[in-house]
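Since every read-out is calculated from the coordinates, none of them should be taken as a lab result. Note that the coordinates shown come from a computational prediction; the quantities given were computed from them, not determined experimentally. In this analysis, Cβ positions are derived from the backbone assuming ideal geometry, glycine residues included, and neighbour counts consider all displayed protein chains.
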Amino acid sequence: MKKIFLALFCLPLLGGALYGFFQGDEDYPPYPQGYYAEEAEDDAAWDGFEYTALPDPPETPGQPEQEESTAPSLEQRAPAYADSGPVVEIRDKFFIQQCNDIYLNPTEYVGRTVRLEGIYDEFKDEQSGRTERYVIRYGPGCCGNDGVAGFEFFYDGDTAPKQDDWVEVTGTVDMKKGDDGEEYLVLAPSELKVMAKRGQEFVEN
């Protein structure tokens, strides 16, 4: 009984093997989509299968050439934050951005009058004996609120503010040459007022 069962079990296996042997490659499955000619040719050389080469994938079209920009240069454009009046008023909002715009585009502002309020700060150069005066406000920096925005200004009037006084400075944007030969931006000559009411010492933009 066991011999008969074993024979019956082996017959289908033997029949399937013989069918595959005599069938050959007639029903060889086609190459899948995306199977390229180079790969098909290598396989065909190996097993003798005749294949139909698939075309290469289409090339990705290049990006269209961008037209040359016709935007005005920094020297040509109007000041981004300057008032339309004769005096450029730098206020609490956009204080840092207005100061940066003047520093980055001095040719657009030289000769114009600027007015701003801030903290009075001074520094005495021991070598030259010159006192440097600044009007500043604090802003975001690398270590918290240690950033500074503002201007150096020239002043030879009678008002003598103390360190950290809140002042209003009005001056003309000018470029001066320092002892090292480099030009730097200042407000000169300037009007100076010590204000009784303090403004916003810290600005964010």
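The figures follow:
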item	result
Failed condition for Lys93, given (1) closer than 17 Å to Pro189 by Cβ; (2) surrounded by 11 or more Cβ atoms within 10 Å (Cβ to Cβ)	(1)
Matching option when the condition is in contact with a Cys (Cβ under 7 Å, 6 or more places away or on another chain) and of a type outside the set (D, E, K, R), among Ala160, Ala149, Ala196	Ala149
Qualifying positions in region 103-154 - of a type in the set (Val, Ile, Thr) and either surrounded by fewer than 18 Cβ atoms within 10 Å (Cβ to Cβ) or out of contact with any Leu (no Cβ under 7 Å at 6 or more places or on another chain) (or both)	Thr107, Val110, Thr113, Ile119, Thr131, Ile136, Val148
Count - residues of region 149-205 that are at negative phi and assigned to a strand (DSSP E or B)	29
